[in-house]
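**Q** Take this structure first; my questions come after.
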Amino acid sequence: MSIDLTTLSIVEARAGLRSGQFSAIDLTQSYLNRIKALNQTVKAYLRVTEAQALESAQTADQAIQNGKDGALLGIPLAIKDVLSTTGVETTCGSKILAGYTPPFNATAVQRLFDAGVIMLGKTNTDEFAMGSSTENSGYFTTRNPWDTERVPGGSSGGSAAAVSARLAAGGLGTDTGGSVRQPAALCGVVAIKPSYGRVSRYGLIAFASSLDSVGAFGRTVQDVGLILGVMAGHDPKDSTSMNVPVPDYMATIGQGVKGLRVGVPKEYFIDGMQPATEKAVRAAIAQLEAMGADIREISLPHTRYALSTYYLIAPAEASANLARFDSVRYGLRKTQGDLWDTYKTTRGEGFGPEVKRRIMLGTYALSAGYYDAYYLKAQKVRTLIKQDFEKAFEQVDVIASPVAPSTAFKIGEKADDPLQMYLSDVFTLPASLAGICGLSLPCGFDESNLPIGLQLMGPFMREDVVLRVGHVYEQATKWHMRQPAL
Ligand code: GLN
């Protein structure tokens, strides 16, 4: 076989598996070989599940021989380490969960397994998904495949880097405030953050429950649509998962943009953003116009409050969610003196500085006397941000913007300045607070050959629209075909 199977998109790999050109074992082995050669450079995986992958590949090949078919049958994917996987250590990138092995799969993961997906391993993340660079991982920092001195973004930086470096055909991440969209942009791959409630959160270890969502990475828009289609849908185990039908995304993905109204929010082109990013995003919008879209300037007036709103709500929810890591039921336990000392020592040693910062911020915002001034007020502003989008979507079908204000930054550059780090999510946080969907896809490169991302935001539950617009753009421009030279 002369072609490198890791260069195939999921759609192409499926065609090859279907026609018997190669087997799921061949495909999986190609990825495992590449992981062996390059993971020490990219550091995308926290652990590689080689034996399980080969076993699943064998099962997939058997199913294919028995005439089975399916969008993801025999496709090797990378899974972010905040998603529970039966019998496979799941740490959330935290020392406090070292050695924790869940007895069940997250629903999103289970649905992929039921569809014949092969898990290659668990990918690195900022601890408990808190961060934008993977530098907050309790284990190591993942490298950007385009420049290994730079961050891959975060928190799902491991999955983004794995897909970019062709260490997986696609992957799962989670997005609470931008954690699939921003790393996808920084690594030059595609990612979709579905609407809140589109994909079950069951088995996703909670960070901020009213914002958490499970998203997909791929090297093409079609590929993320396929993964989403398999994961999505109501799950009785997550009371916030929506009981609405999941459309066939592939049926509408080819319909183009003719006549679609694309909104460009004036608040998303700000002073201090990297000129190359602005230029590429504006060029992408011009491209959509050339293909028949109707471009309109819109306003999302409460955008500037999104960052402070998010950094009250998310830490408040995190402080409550992380109380469960008490050293008794899961992971690390440092027995010291009485029970109280044991809690303090375990949490003191098990959590890293960013997680502690969030627990303190959240506890403060929820405490008596401050609750009304901070938390309650943030909830009210969140409603205003949501209403901005509702009004905008009366005038437009989709909203186009940058994903992040700049391309990948150097490792260490923002590590000591939490506020600078938080600012890399200014353009992704509003959609998270509003619970709507967003797609991130490559739209160019800066002068240092670092990828730039275009964000397409759609109305609640209209993943079909962002996928459709993203697909036609990708077909016309082919930015996604460029590969990092590792
Ligand atoms: N970077 C943001 C944060 O640190 C978003 C993280 C996420 O979406 N999980 O909270």
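Only the coordinates and a few stated rules stand behind these numbers; no lab work does. The structure presented is a predicted model; accordingly, all values stated were derived computationally and were not measured. Cβ coordinates were reconstructed from backbone atoms using ideal geometry, including for glycine residues, and neighbour counts include every protein chain displayed.
**Q** Of the listed peptides 142-154, 428-440, 399-411, 101-113, what is their order by residue-averaged count of other C-beta atoms within 10 Å, with the highest listed first? Working shown, then result.
**A** Details: 142-154: 26.4, 428-440: 28.3, 399-411: 23.8, 101-113: 20.7.
Highest-to-lowest ranking by the protection proxy: 428-440, 142-154, 399-411, 101-113.
**Q** Return Cys443, Cys92, Cys187 ranked ascending by Cβ neighbour count within 10 Å, so the fewest neighbours appear first.
**A** Ascending Cβ contact count within 10 Å gives the list Cys443, Cys92, Cys187.
**Q** Which distance in nm do the two modelled labels at Thr252 and Glu349 give, with both placed 7 Å along the Cα-to-Cβ direction?
**A** Going by the 7 Å Cα→Cβ label model, 5.4 nm.
**Q** Further question on the same structure: What ranking do 195-203, 306-314 get when scored by the average of other Cβ atoms within 10 Å per residue, highest first? If you can, show how the numbers build up before the last one.
**A** On the way: 195-203: 24.0, 306-314: 22.4.
Top to bottom by mean Cβ count within 10 Å: 195-203, 306-314.
**Q** Write down the Å³ per residue value for the convex hull defined by the alpha carbon atoms of the chain. Display every interim value, and only then the final one.
**A** Numbers: hull volume 66.6 nm³, N = 486.
Cα-based convex hull of the chain, divided per residue, equals 137 Å³.
**Q** Hey, rough spin-label estimate for Asp114 and Gln475, points 7 angstrom out along Cα→Cβ, what's it come to in nanometres?
**A** For Asp114 paired with Gln475, the spin-label model returns 3.2 nm.
**Q** Using modelled backbone amide H atoms (1.01 Å from N, in-plane), which distant-in-sequence or interchain residues come within less than 5 Å of Gly121's amide H?
**A** Under 5 Å from the amide H of Gly121 lie the amide H atoms of Thr49, Ile79, each far enough along the sequence or on another chain.
**Q** Give, in nm to one decimal, the length gained when the segment between Glu50 and Ala320 is fully stretched (0.36 nm per residue of separation minus the Cα-Cα distance).
**A** Working: separation 270, 0.36 × 270 = 97.20 nm, distance 3.57 nm.
Fully extending the segment from Glu50 to Ala320 adds 93.6 nm.
**Q** Rounded, prolate or oblate for segment 385-486? Axes are the square roots of the Cα gyration tensor eigenvalues, ordered a ≥ b ≥ c, and the cut-off for rounded is a/c under 1.5. Please list the in-between numbers first.
**A** On the way: a/c = 2.93, a/b = 1.23, b/c = 2.39.
Taking the square roots of the gyration eigenvalues as a ≥ b ≥ c, segment 385-486 is oblate.
**Q** Rounded, prolate or oblate: pick one for segment 292-418, where a ≥ b ≥ c are the square roots of the eigenvalues of its C-alpha gyration tensor, a/c under 1.5 means rounded, and failing that, prolate if a/b is larger than b/c, else oblate. Mind dumping the intermediate values first?
**A** On the way: a/c = 3.04, a/b = 1.95, b/c = 1.55.
Verdict is prolate for segment 292-418.
**Q** Is segment 243-327 best put as rounded, prolate or oblate by its Cα gyration tensor, with a ≥ b ≥ c the root eigenvalues, rounded for a/c under 1.5, and otherwise prolate when a/b is larger than b/c, oblate when not? Could the numbers behind the result be given before it?
**A** Details: a/c = 2.76, a/b = 1.47, b/c = 1.88.
Judged from the Cα gyration tensor, segment 243-327 comes out oblate (a/c at least 1.5, b/c at or above a/b).
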